[in-house]
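*Asks:* Pasting in a structure now, in structure tokens, and then I'll have a few things to ask.
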Amino acid sequence: MAKTSLLRPLAVAAAGAVLMATGAAHAVAAEQGTAAAPAADVAGVLAALQATTAAGAPGAFAVIRDHGAQEDTRSVATGLANLDGTPMNSSWRFRVGSNSKMFTAVLVMQLVEEGRIDLDRPLREYLPAGTLPEGWTMTGRQVMEHRAGIYDHTNDLLEQAGEETTSAFEARIRSTVYDPRDLVALSVKHGVQYTPGSRYSYSNTDFVLLGLAIENLTGQPYAEVLNERIIQPLHLRKTSFVVPDQAIQGAHVTGYLTNDDRSKPLLDSTESNGSWVWSAGAVISDAEDLDRFLTALVAGSNGGLVSDASVQQMAAVLPTPTAKVSYGLGFRRISLSCGDVYGHGGIVQGFQTQSFTALDGHRSVVVFANASNNGAVTQGLMNTLEPAFCGKKPTVAPRSAFAPRADTQGTGAPGAPGARLTAQVPVVDDTRI
């Protein structure tokens with residue numbers, strides 16, 4: 001397969017930006033078509049990343065991969081991988097947060113294909129006895145769609161009155177090891193929040209329950225199932241699930257938790273055991289592996305993970321309260337100006353990631369920043385998706401001196417001739433995990 005170099009490194013500096021492009025070929029992408037797509041607006045992506053670091057993240061990057069007859073990769077990075085002064089590196093590992101939900105969803109769909117679970121039966125039938133109370137009839141499908149009425153246990157762990165985020169992290173997250181059944185018990189004590197199926201409400205407990213169902217049906221620990229069914233077959237060399245170990249092995253980005261009191265310094269939150277979100281958010285990976293996973297997933301039967309029918313079910317999204325954002329079976333859809341993209345986001349202390357692909361697999365985008373608890377950082381990352389997938393927008397001069405148009409991408413002064421006219425992608429609802 002041909003390889004093409006698109007860009008040369010422009011700079012490598014502690015606080016500067018790096019733009020790199022290399023050819024890449026993945027076996028799972030070889031079957032993908034060559035659907036035409038707008039050329040990525042690398043300058044627009046860089047501008048959004050720079051806004052992300054200006055908002056408080058030490059560093060950020062985007063990796064854009066085109067698949068088809070010719071495979072191309074563009075990597076854009078700015079800022080620092082750690083506060084010791086190391087430039088951001090887009091090939092290093094990080095915690096992917098709720099991107100983990102896509103991995104869990106794939107494992108569930110594999111069990112569906114094997115006839116071991118019916119998504120339209122109550123999920124409690126596939127859980128260890130006593131996990132959910134009698135009378136909790138929410139189905140596996142409702143749980144995967146975040147429409148089950150199950151309270152999110154992370155609310156109890158993160159939002160104790162009078163405590164700062166960093167204090168809560170040190171007290172209850174970094175070193176405390178939770179049994180997943182105890183996480184469910186935290187949720188159950190709040191009761192069913194609404195009639196299952198009647199509305200959408202994001203809950204990490206949903207995907208902890210799915211992890212427990214996977215273990216119960218296979219008789220294996222979640223980590224083993226993940227390794228045997230996804231990590232090994234796709235040769236994801238930098239992907240792991242190591243709960244309750246706290247360290248990230250190998251070269252990795254340092255994550256920083258922003259204090260609620262912005263006058264206090266960032267907290268190095270890299271080491272954390274991950275048990276508090278377990279199968280909902282504790283996977284460790286890198287941009288290349290996330291691309292490989294997403295590309296295999298949307299390839300359906302050709303990708304080796306799930307069937308075409310399973311992909312169609314996962315991508316059969318329903319609306320959420322956030323404009324342009326819908327949710328399916330562990331799969332989020334964001335509607336951009338050039339079409340819909342599918343994937344997930346993930347925010348876990350010190351790390352933010354958005355991983356999306358076109359459903360035909362022609363392009364995937366992974367964007368990352370190493371700071372959390374900062375909405376402006378989250379918005380900056382979301383703003384990379386439009387230029388990465390849809391390319392450069394036409395430049396339009398203002399209609400008159402009395403009717404300037406805003407430059408929502410920060411790439412030109414408001415109302416200035418040539419200012420880009422790109423709307424922001426809304427921040428989605430998993431801003432804490």
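The values are calculated or read from the model by the stated rules, or taken from the named source; none is laboratory data. None of these values were measured; they are calculated from a predicted model. Cβ sites come from the backbone with ideal geometry, for glycine too, and all protein chains shown count toward neighbours. Only protein heavy atoms, including side chains, enter the accessible area calculation; ligands, DNA and RNA are left aside. Shrake-Rupley method; radii C 1.70, N 1.55, O 1.52, S 1.80 Å.
*Asks:* Just need a number here: residues in segment 106-122 that are surrounded by fewer than 23 Cβ atoms within 10 Å (Cβ to Cβ) and either within 20 Å of L318 (Cβ to Cβ) or touching an Asp or Glu at 6+ places or on another chain (Cβ under 6 Å) (or both). Step through it out loud before you land on a result.
*Replies:* Start the filter on segment 106-122 by keeping residues that are surrounded by fewer than 23 Cβ atoms within 10 Å (Cβ to Cβ), which leaves 110-122.
Narrowing the set further to residues that are either within 20 Å of L318 (Cβ to Cβ) or touching an Asp or Glu at 6+ places or on another chain (Cβ under 6 Å) (or both) leaves 112, 118-122.
The total comes to 6.
*Asks:* Let me confirm something: among S187, S175, S203, which residue is touching a residue at least 24 places away in the same chain (Cβ under 8 Å) and closer than 23 Å to M109 by Cα?
*Replies:* Answer to the check: S203.
*Asks:* For segment 140-164, which positions are assigned to a loop (DSSP other than H, G, I, E, B), modelled with pLDDT of 90 or more and not aliphatic (A, V, I, L, M)?
*Replies:* E145, H146, R147, G149, Y151, D152, H153
*Asks:* Would you tally the residues in segment 359-394 being in contact with an Asp or Glu (Cβ under 8 Å, 6 or more places away or on another chain), aliphatic (A, V, I, L, M) and not in a loop (DSSP other than H, G, I, E, B)?
*Replies:* Qualifying residue count for the region: 2.
*Asks:* Which fully enclosed strands (runs of 3 or more DSSP E) of segment 244-350 have 2 or more residues being open to solvent by less than 60 Å² (accessible area, probe 1.4 Å), modelled with pLDDT of 95 or more and hydroxyl-bearing (S, T, Y)?
*Replies:* Once the strands (runs of 3 or more DSSP E) in segment 244-350 are filtered for at least 2 residues that are open to solvent by less than 60 Å² (accessible area, probe 1.4 Å), modelled with pLDDT of 95 or more and hydroxyl-bearing (S, T, Y), what remains is 325-327.
*Asks:* Also, quick follow-up: From the list Y200, Y194, exactly one residue is of a type in the set (F, W, Y), over 21 Å from the mean Cα position of the chain (by Cα) and modelled with pLDDT of 95 or more. Which is it?
*Replies:* Y194
*Asks:* Looking only at segment 183-204, how many residues end up being open to solvent by less than 50 Å² (accessible area, probe 1.4 Å) and either under 14 Å from A282 (Cβ atoms) or part of a loop (DSSP other than H, G, I, E, B) (or both)? Spell out the reasoning first.
*Replies:* So the first thing to find is which residues in segment 183-204 are open to solvent by less than 50 Å² (accessible area, probe 1.4 Å), and the list is 183-184, 186-188, 191, 194, 196-197, 200-204.
If we keep only those that are either under 14 Å from A282 (Cβ atoms) or part of a loop (DSSP other than H, G, I, E, B) (or both) too, we end up with 183, 191, 194, 196-197, 200-204.
Looking only at that region, the number is 10.
*Asks:* Tell me the residue from E125, E134 that is surrounded by fewer than 22 Cβ atoms within 10 Å (Cβ to Cβ), acidic (D, E) and not in a loop (DSSP other than H, G, I, E, B), please.
*Replies:* Only one candidate passes the filter, namely E125.
*Asks:* Still on this structure: Restrict the check to segment 226-239 and report whether at least one residue is surrounded by fewer than 21 Cβ atoms within 10 Å (Cβ to Cβ) and more than 23 Å from the chain's Cα centre (by Cα).
*Replies:* So far as segment 226-239 goes, no, none of its residues is surrounded by fewer than 21 Cβ atoms within 10 Å (Cβ to Cβ) and more than 23 Å from the chain's Cα centre (by Cα).
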